[in-house]
1. Based solely on its DSSP helices, what 222 nm [θ] is calculated for chain B when runs of n ≥ 4 H residues each add -39,500 (n - 2.57) and the sum is averaged over all residues, nearest 500 deg cm²/dmol?
2. Under a crude label model (7 Å from the Cα following the beta-carbon direction), how far is B:Ala410 from A:Ala18 in nanometres?
3. Find the Cα radius of gyration of the protein assembly as shown, compare it with 2.2 N^0.38 Å by division, and give the number to two decimals.
4. Each label point is 7 Å from the Cα along the Cα-to-Cβ direction; what then is the distance between the points at B:Ile161 and A:Leu64, in nm?
5. Can you compute the FRET efficiency between B:Thr488 and B:Leu16 using 1/(1 + (r/R0)^6), with r the Cβ-Cβ distance and R0 = 60 Å? Round to the nearest 0.05.
6. On C-alpha positions alone, give me the angle between the axis of helix B:576-588 and the longest principal axis of chain B, in degrees, nearest 10.
7. Hey, got the dipole for the protein assembly as shown? About the Cα centre, +1 on K and R Cβ, -1 on D and E Cβ, debye to the nearest 20?
8. Just want to confirm a number: the relative contact order over region B:211-350, from Cα pairs under 8 angstrom separated by 6+ residues, in percent.
Amino acid sequence: MSVIGWLQLALLFLVMLALVKPLGLYMARALSGERTFLSPVLGPVERGFYAAAGVDPAREQGWLAYAFSLLAFSIAGFAALYAILRLQAFLPLNPQGFGGLAPHLAFNTAVSFVTNTNWQSYGGETTMSHFSQMAGLTVQNFVSAAAGIAVALALTRAFVRSGATALGNFWVDMTRATLHVLLPLAVVVALAFVLMGLPQTLAGSVAATTVEGAQQTIALGPIASQEAIKQLGTNGGGFLNVNAAHPFENPTALSNYLNIVAMLGVSAALVYAFGQMVGSRRQGWAFLAVTALFLIVGTGAVYWAETSGNPVLSALGVDPAMGNMEGKEVRFGQAMTAAYAAATTGLSDGGVNAMHGSLTPLGGLVPMFLMQLGEVLPGGVGSGLYGMVVFAILAVFVAGLMVGRTPELLGKKIEAREMKYAMLAVLILPLAILGFSAASAMLPFAVAGIGTGGPHGLSEILYAFTSAAGNNGSAFGGLTANTPWYNTTLGIAMLLGRFAYAVPVLAIAGSLAAKTRVPASAGTFPTDGPLFVGLLAGIIVILGGLQFFPALALGPIVEHFAMLAGQTF
Amino acid sequence: MTTLTSRSLLDPAILLPAAKAAFVKLDPRQLVRNPVIFVTEVVAALVTLFFLRDLATGGNAVFSGQVAAWLWFTVLFATFAEAVAEGRGKAQADALRRTRSELTARRLTGGREETIAATELKVGDVVIVSAGDLIPGDGEVIEGIASVNESAVTGESAPVIRESGGDRSAVTGGTQVLSDVLKIRIAAAPGSSFVDRMIALIEGAERQRTPNEIALSILLSGLTLVFLIAVVTLWGLAGYSQTVLSVTVLSALLVTLIPTTIGGLLSAIGIAGMDRLVRFNVIATSGRAVEAAGDVDTLLLDKTGTITFGNRMASEFLPVAGVAESELASAALLASAADETPEGRSIVALATGSLGLAQPDARPDAVVPFSAETRLSGVDIGGRRLRKGAVDTVLRFAGIAVGDAPAEFARAVDGVARTGGTPLAVADGDRLLGIVHLKDVVKPGIKERFAALRAMGIRTVMVTGDNPVTAAAIASEAGVDDFLAEATPEHKLAYIRNEQKGGRLIAMCGDGTNDAPALAQADVGVAMQTGTQAAREAANMVDLDSSPTKLIEIVEIGKQLLMTRGSLTTFSIANDVAKYFAIIPALFVATYPGLSALNVMGLSSPQSAILSAVIFNALIIVALIPLALRGVSYRPVGAAALLRRNLLVYGVGGLALPFAGIRLVDLAVSALNLV
């Protein structure tokens, strides 16, 4: 660890801190349908969409109708994307003439982008045509993120309203999130990326002769634009196979900074917007403080683990002062690799700028654990916020009773109905992650897919399902996931992680909206102070993390002790 | 309370039947209502089967036998906790039931009297009860007045007056008429009378789970499912690492992880909460009401009897110009010598007390008693005609026109009225001496009580029939947050509805029939036992002591109930961390020796570690039974401070304690060579 490294990290958090408030305030206005400086341009477009789709923006929906709209929209999006991927060979903008995708890969990929996961069982530059990337994947990068924001908005309104049945209109929320938030930001960030040297072209790959005289195919395409929304929408699916470790996706330390800021920006600002909209900015800051706590500790832990290096390699003559540089890009270094790793997994982004499988065991444990905590730090756009609220509901319920009142969150009483749906949502992660991991660990043909033996192999499986169920999409590497078994099970895990979570959340929203907002008093459990921040962090670790401890013990933790003992597998 | 609890905890009269009942409660059909403990029982049965297999096949039966035994103990300790809580109520219910055995009734049918068993009475029957008889059922006095001993219900031995009409017409079955004869119309069918309901409630027979208890059960069931998934899948993950985990150790892991502590004590906490109310002589008709009491935002308190003593008392003498204070005081003292009203006594007390005057020994020549018509009282003594009374009547007595009264006299009268007091004028013949300030005296300590309530976030609202000026003065002196002056029952009802519309929960107490609608509307309505049948029916609690300040204790008990649940839940979940550190290394250390680094407690062997965690998990239930029954101590310090304290004690404590506890059990296990 070095001073420069820590300064880089400190600067990053300061930039985030400065960004959260202005962006959050803008989003709160734009998402509520209030006038912003972009309204003159985007307002007519928005109304045009409603007119074309026959949507009455003033007509609001109850939670069930809202959930049906979300599901219908996602199913339609899945069907369209699946068709594009299967029929790729017959569609335009395919300079390299790629064929259609296999059914299980098309299923996996379509589910992956519709659920905002962007798990990639394929290599982008060797599989996807420009049309598939732009009209298929990138479209979902926008709208799947917008759908997440919509669900978060519905939940936000549940706290604002009293005795209401309506939560807003899904179509309106989704359109506004795309048009007023994601699109303008994507334009700005894409232009900045172009400025930093990311390619933006419709040309295919370039064949080059290297210095050694070998032939090399250099992939090109509309990379900058896709990179922008990939981060802003916490999608994470790279244009290129090695994602943001590739110099075309992430050429410099500066672009690396922009990558991290872009991926954190919308999610973090949405948490601030939540506070603004429910009339308690302090509540927004409290949630952000929990997020920052985990991200700082997570980043520090990865940074420490990576600079501590690997005694097995040191024994082979590698300079221990270098720490562990395997799988990392020299232009980013350990500090910025650590920050990227923590952010991409604390969020449900899933882009990577280093190979997580090459991190030291503890360095690899951190991203895995951050995902298992439920992707709430600050999580995917929208999904992170509503995940955090679910944890907050559990936290006020468990500890709120300790002040001698029926627990309340922002004036809404938390009772049996909310608890039922919150537990339903919370059950999904262990069920999908541990269930599929254990099944894969028992099935010989699934075990055959792992890249490394021993505990590291188990980590590969565990990481894959963690990433899928958490709608993260980052990969540990090593695992050959493009098989019918993994493509199908990972697809199911992604669907569960997205919709089996979002629907109970909407049910909670419906129930909360109908309740009267109780005014706070001295007897009310305070949910915006440091005490609550500590409590919520504790609940997230204990409820979100404890269930995975045995599995982690058999994966990265064992591997760590084995590494210290010099044991290899 | 503490001594009461600890004594009755060790009381063999409760413990022995409870131990027996604990086994009866093992019936899975009963236990299924408690998912956490039900899962524990299923797992215990499963491990027992594996123990039998081990016995037959020569496996490690010593280990699996002990694990099975401690799993059964875990279940038994949980059922025992519930049985103890119920046992304490049962003793009380038995005493009540004795009072109502073999009652007979003298029923009036068409003018004829017939003697029948009380159980044959129907609603609407009219019965005659004379001195010495027990009243056969709940009802209303329609004729007569009598003194009634209600100690069977209230525990209070002083007899109370029951009469037809008005607010003292309700009588309770099982109580005894001491004098005179009452004609009573029966208002409750046998089996549904007040005492019957009381017995059922105290015994817990009618116990339904309260909303918060249901929500908590959902959380606990959800956690149980989560850990079930974690443990079952661990078998598969371990298989990858060529480790075969036995059902015994996985069962041990599961039971230690699921929240057995709170699961085992949950119903005991609820029963104990009701029981605590009974100890305060309050009967709640449902557990829901007790829980709601903890949530109350606004207390509606009657001024008279709760905030003030209810009698106006002399607080100062205000003489007119040219009259010494002592002269006014001695005249007032003489005028009040024969006055036995509370006001009169308070004048005597003030004059002889703070002014140090001697009791007059001269006998008055004539006494003029107070009457509502004259609004004047006094004495004729030694030729002096001393009178005290309402200002206008005294002025008339002294022959002074209202406009001719001295200016400073009129100012003093106004001043007293403005502060909510009552001016009492004193005259000696035609000479006006001054006024006595009669004040509605606020009970000592009540202001601090309200401040404490405010710290808890509870607003107090004073309800009074006084005019707004008087009400405001008393309200500010007592330190209530708001007041409702010239309150009619309709006002109260409207006030409650309005508060509830804002999402607040209201508690109030009342006794009259006209209070009934408001009592029914309030979230927590406490009726006085001395009140009318209508009030008692409308309320969801009845205070046997008929003390209006009881509302404050009820709120505290409600809060304590919720706090105890929350604290033990937090404790239970926090415990899991240490259990992981005990069991996970024990399970895998054979495959991966490196994992022994996680054995931070230094437990002696894998089997000892697992057994110790299971034993600790079972024993902690027993250790916490007293806390569950007594309740977590409550202090009115505001939510933030309470949370900080409880989080420290039960959260951090719950994290740390099992590390020490499991280590200690492990020392014992290895010292005794149990595995």
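1. Details: 25 runs with 351 residues, N = 675.
Mean residue ellipticity, 222 nm, calculated: -17000 deg cm²/dmol.
2. Those two pseudo-labels are separated by 7.5 nm.
3. Numbers: Rg = 38.3 Å, N = 1244, 2.2 N^0.38 = 33.0 Å.
Dividing the Cα radius of gyration by 2.2 N^0.38 Å gives 1.16.
4. Roughly 6.1 nm, to one decimal.
5. So, using R0 = 60 Å, E works out to roughly 0.60.
6. On a 0 to 90 degree scale, this one is about 0.
7. That gives a dipole near 1240 debye.
8. Details: 68 pairs, mean separation 22.3, N = 140.
Over region B:211-350, the number comes to 16 percent.
A short reminder: the numbers here are calculations on the coordinates, not readings from a lab. Owing to the predicted nature of the structure, the values given are computational and were not obtained by experimental measurement. No Cβ is skipped: glycine too gets one built from the backbone with ideal geometry, and neighbour counts run over all protein chains shown.
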